[in-house]
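Written below as structure tokens is the structure these notes are about.
The values are calculated or read from the model by the stated rules, or taken from the named source; none is laboratory data. Worth saying up front: this structure is predicted, and the values here are computed from it rather than measured. Cβ placement follows ideal geometry from the backbone for every residue including glycine, while neighbour counts extend to all protein chains displayed.
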Amino acid sequence: MALRKRLPTTARISPSSSRMHIEGNGMKTCEQCGNPVPDAAYVCPYCQGHDMDVPRGALVVRRIDLGHVGLSVQEAREQLQDAIAVASFRGEDVLVVVHGYGSTGVGGHIRSIVRSEAKRATAERTVSGWTPGEQLRTGMAKDLVRRLPALSSIEAWQRENPGMTIIVVR
């Protein structure tokens, strides 16, 4: 559950819309949870909602953390399945799934289920592709960038990371 933060006293309702804007510091309010969000953001950092104005052609990326919140393997699987369904419904383009690498040094169980679910969703055409975070300069990743060039500009793409998996929804 997202915590609602107090808005500064300079907040006002814009007469031209139902959104609340905070004067002078470039913020708007998420319509889902009510927290302040930078004007340039498309996804609320508190509730992951993105019912905000998204410019045509913008790449909508959502980051979810399954590996550092105390989930069991089954709970992580269910949350990932839900996240894929929600991303598809909302028209999100990319899910950056943080699962951690695991304490064994060879990858953890949550990492394994994230990747098996990504394979399954790709085979079922629920998503258009995925790539392991440690292979952003190789085969699958290059194919995804060819299909969706803006993908190479997202923050998660700048550094290979075995503790994440990138799923392309559209």
C30 meets each of (1) of a type outside the set (K, R); (2) over 24 Å from I154 (Cα atoms); (3) modelled with pLDDT of 70 or more with one exception, condition (2)
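Quick check, is R159 surrounded by fewer than 16 Cβ atoms within 10 Å (Cβ to Cβ), among the charged types (D, E, K, R) and at pLDDT 95 or above?
On the way: surrounded by fewer than 16 Cβ atoms within 10 Å (Cβ to Cβ): yes; among the charged types (D, E, K, R): yes; at pLDDT 95 or above: no.
Spelling it out, it is not the case that R159 is surrounded by fewer than 16 Cβ atoms within 10 Å (Cβ to Cβ), among the charged types (D, E, K, R) and at pLDDT 95 or above.
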Which residues, counting only those in segment 129-143, are surrounded by 22 or more Cβ atoms within 10 Å (Cβ to Cβ) and among the β-branched types (V, I, T)?
-> T131
Could you please find all residues in segment 144-154 being exposed (fewer than 13 other Cβ atoms within 10 Å of the Cβ) and touching a residue at least 12 places away in the same chain (Cβ under 8 Å)?
-> R147, S153
Flagged in segment 56-77 as modelled with pLDDT under 90, more than 17 Å from G163 (Cα to Cα) and out of contact with any helix residue (DSSP H, G or I) (no Cβ under 7 Å at 6 or more places or on another chain), in numbering order, are R56, G57, A58, V60, V61
With respect to the numbered conditions (1) on the phi < 0 side of the Ramachandran plot; (2) free of Cβ contacts under 8 Å to residues at least 40 places away in the same chain; (3) assigned to a loop (DSSP other than H, G, I, E, B), which one is the sole condition not fulfilled by R125?
-> (1)
